[in-house]
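Any read-out appearing in this document is the output of simple, stated calculations on the displayed coordinates, not a laboratory observation. This structure is a prediction, so every number in the text was calculated from the model and none was measured. Every residue, glycine among them, receives a Cβ derived from its backbone with ideal geometry; neighbour counts consider all protein chains shown.
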Amino acid sequence: MESEQKHHQKAGFPLLVVEGNKDHQLLIGYCLRAKIPQAEPIFASTVQETLSFLELAFAHQKTFPRLVLLDFYLPDLTDGLKLMNQLRTRYPLLPIIILSSQPEQGLVNKAYQLGANSFLGKPKSLEEWEHMFQSLREYWFNTVTLSSYSLITSGEE
């Protein structure tokens, strides 16, 4: 088991980034390459792109993401909240981290009520972005054990 986890740390893995802001997509892509180079980011900017990708990826489990970074504003908060609800219904064990420029307590509480695994405020500077992704790598890929979707069935079945 331990050697399998070490293999996952070195092997590339898909990471889904659901972000409507193109500038933030660039920042996230840069930080992933710099701090989590084994991550293979897949970007989606809408609810429909996200659901379409996940449905296809679930059918071909090798491309199913090990983690999702989700901004609720797609561009409207209502879209992101609906997407979160759909993700939890269809893929209940998929780890989801919310990234938000507006980390008000009410939104944080709503994210956790809907099943988010973490909620992070978006940084203001490149240095802060890099530090956040360093921390993400340490926690999500070096500390916790993530589930393997090859053994998980969809909530729809």
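Numbers below:
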quantity: Every pair of residues 6+ apart whose Cβ atoms lie under 6 Å, when the first sits in the range 13-36 and is in contact (Cβ under 8 Å) with a residue 60 or more places away in the chain while the second is of a type outside the set (Asp, Glu) and surrounded by fewer than 16 Cβ atoms within 10 Å (Cβ to Cβ); calculated: 35/134
quantity: Some residue of the range 79-98 being in contact (Cβ under 8 Å) with a residue 60 or more places away in the chain, surrounded by fewer than 18 Cβ atoms within 10 Å (Cβ to Cβ) and over 23 Å from residue 139 (Cβ atoms); calculated: yes
quantity: Within the range 1-107, strands (runs of 3 or more DSSP E) holding 1 or more residues that are farther than 16 Å from residue 119 by Cα; calculated: 13-18, 39-44
quantity: Residue satisfying condition, being farther than 25 Å from residue 145 by Cα, surrounded by 17 or more Cβ atoms within 10 Å (Cβ to Cβ), aromatic (Phe, Trp, Tyr) and in contact (Cβ under 8 Å) with a residue 24 or more places away in the chain, within set 64, 58, 72, 53; calculated: 72
quantity: In the range 32-64, residue nearest to residue 96 (Cα to Cα) [restricted to those that are touching a Ser or Thr at 6+ places or on another chain (Cβ under 7 Å) and of a type outside the set (Gly, Ala, Ser)]; calculated: 58
